[in-house]
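Novice: I'd like to ask some things about the structure below.
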Amino acid sequence: MVHPPLEFSDCYLDSPDFRETLKCYELELERTNKFLKEVIKDGNSVITAIKGYSLAVQKFSQTLSVFQFDFIGDSLTDDEINIAQSFQEFAGLLQEVEHDRMMLVQNASDLLIKPLEKFRKEQIGVTKEKKKKFDKESEKYYSQLDKHLNLSAKKRETQLQEADELLDKERANFYESSVEYVYQIHQVQDRKKFDVVEPVLAFLHSILTLNNLTVEMTQDFMPYKQELQLSLQNTRNNYESTCEELEELMKRMKRPSQIYKMHNFPMRGYLYCQEKRALGMTWVKYYCKYQKEGRVLVMVPCEQKTTTKQGPIQLTLKSCIRRKTESIDKRFCFDVETIERLVQTITFQALSEGDRKLWMEAMDGKEPVMELNETGFKFVRKCINYIETKGKRFYNLDIRLSEIHSLTYKLPEKNREMLEMLIKHLVNVCSHSDENLMTSSNMAVIFGPTLMRAKEETVAAMLDIKFQNIVVEILIEHCKKVRLKTALPHLSLPRGSTRENGNPSQSPSDRLVFIKLLVTSFTSTLRVIISLSWPDCHHHPHHYPMLSLLSIQ
């Protein structure tokens, strides 16, 4: 923007045009002052950002410098060595660049901020002071002039002379302040052309110089960069060539044969052991390893106190038995007897039901044996009587049965009495098959797996379920012919079966020892009976009213 020049002679005339031109220069001065404030503010922001960026890059370079790649194998290829050293090379380049950048930041205040602050203080600040003086003297002069012109001509000569002298003095002060103000305005307008531009140019030169240095450093880094890119490409090619083999190996490891081999590995994992402490029983966490050969169990404590450090414990197993659910308030428990502890039984808690099965399978664990007593007979008898008096309808289970195999029963007296009581009840239920559709076949499907549970839950045991169902079906169909209170040699056999020495031929289900399996499944049997009688039950404890009505005292 172009402004008319200010002449010193205009100060004495003090014309309206002079005042208008003076106002234009004052507006320009204010605009320049505002511009410098913004430059200083933004300059400080740039410097702060550069410092923050430089510190962040330095921190990044430090992180790169301390990291070291690990490789599988006894020796490294040249490509792997190059890759392993890459982060150190990156860190060195960044640190060198940021060292020069920090030098720029340290000089940035002297190059840009301080010169601009000095110009605002010494030039614009002084000009504002001159303006204040000019406005003050102008007001005094024109005020005195108004008074002087209003003096009466009838005043004494001496008074008029004093008035003239005072007016001349005020006029001289006004002219002096006006001339000095105009001079200062010219000073500012001329000096800002270099006092403002030079610091900005110096700052910009530093930034461009740093960029040039960065480009030069990058050029020096190019040979290593190209070599590293080649190493990366070689490594990628090696990965792609072996990826297919790794995938094939993974598929082989998923095959049943490989999974079986994995299961033959030593069993290991976390177990909680019940231990007696000063304040009572507590559960302590151990990392356990079990080796079938030698039946050795190694327990490594995982909750060691700083004062009492305990090493691994090694035990030799004698037996492993699943803990009865009603005998302990913890889930997934099993008991272990060891050679080292002849009397005390160690109780472990697994992490889940599946985990307990794995531990018991590895330790050749067995199911607990539950003795029958008169109280149990009374409870079952009450359950059956209660169910039969209710006359509930049963679920429809349309299940096909497999071919019949012969079985030989060898039961103690009390177990035979329990079996007779239960079979009579099932016969009574099947007699209403026209209404409830519960034929002897359907009933056998339900009670076969319940009464003749396998010792171990394996695939082979699952395939033997059909034999369990046949046993129960035969007992129901031939209940009148079978005398359960005595031995059972007169059990009717299906077509195709044979006898040797007066006993039915052995079948795959013979290994299901009925006495242990019947007693073990006592609770499950009751739940099946109740669920058949009340189809609306959903296997929740509060859905079994009979259990509370017929509680044993």
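The values are calculated or read from the model by the stated rules, or taken from the named source; none is laboratory data. Please read these numbers as outputs of a predicted model, since none were measured by experiment. So basically every Cβ, Gly included, is an ideal-geometry build from the backbone, and we count neighbours across all protein chains shown. Quick note on the areas: whole protein, heavy atoms, side chains included, nothing else; ligands and nucleic acids left out. Shrake-Rupley method; radii C 1.70, N 1.55, O 1.52, S 1.80 Å.
Novice: Taking the dipole about the Cα centre of region 191-230, with the C-beta of Lys and Arg at +1 and of Asp and Glu at -1, give me whichever of Leu230, Phe203, Val215 is farthest to the positive side.
Specialist: Phe203
Novice: Could you pull out every one of the aspartates and glutamates with an alpha carbon less than 17 Å from that of Lys154, ignoring same-chain neighbours closer than 8 positions?
Specialist: Excluding near neighbours in sequence, the set is Glu162, Asp164.
Novice: For region 1-144, build the charge dipole from Cβ charges (+1 Lys, Arg; -1 Asp, Glu) around the Cα centre, then report which of Val66, Pro4, Gly43 sits farthest towards its positive end.
Specialist: Value computed over the given set: Pro4.
Novice: Just to confirm a number: summing +1 for Lys and Arg and -1 for Asp and Glu over residues other than Ala350 whose beta-carbon lies under 13 angstrom from that of Ala350, what do you get?
Specialist: With Lys, Arg at +1 and Asp, Glu at -1, the neighbours total +4.
Novice: Pop out the carbon and sulfur fraction of the accessible area of region 164-211 as a percent, whole number, probe 1.4 Å.
Specialist: 59
Novice: While we're looking at this one, here's another question. Show me, for region 21-38, the HN-Hα J-couplings you get by feeding each phi into the Karplus relation (A = 6.51, B = -1.76, C = 1.60, θ = phi - 60°), rounded to Hz, glycine and proline as x.
Specialist: 5, 4, 5, 4, 5, 5, 5, 5, 5, 5, 5, 4, 5, 5, 4, 5, 4, 5
Novice: Here's something else I'd like to know. What FRET efficiency do you get for Lys118 and Leu76 if R0 is 45 Å and r is their Cβ-Cβ distance, rounded to the nearest 0.05?
Specialist: FRET efficiency, Lys118 to Leu76: 0.15.
Novice: Give me the 1.4 Å probe accessible area per residue for region 48-96, excluding ligands and nucleic acids, in Å².
Specialist: Here the residues of region 48-96 average 69 Å² of exposed surface.
Novice: Over 20 Å between Cα atoms, which of Lys51/Lys114; Lys140/Lys169; Lys23/Lys130; Lys318/Lys414; Lys41/Lys133; Lys23/Lys114 qualify?
Specialist: Violating the 20 Å limit, Cα to Cα: Lys318/Lys414; Lys41/Lys133; Lys23/Lys114.
Novice: Quick one, what does Rg over Rh come out to for region 22-63 if you take C-alpha atoms and the Kirkwood Rh? Working shown, then result.
Specialist: Details: Rg = 18.1 Å, Rh = 12.6 Å.
On the Cα set of region 22-63, Rg over Rh gives 1.44.
Novice: Between beta-carbons, use under 14 Å as the cut-off and find the net charge around Gln226, counting Lys and Arg +1, Asp and Glu -1.
Specialist: -3
Novice: Tell me the accessible surface of Arg252 in square angstrom (1.4 angstrom probe, heavy atoms of protein chains only), to the nearest ten.
Specialist: 90
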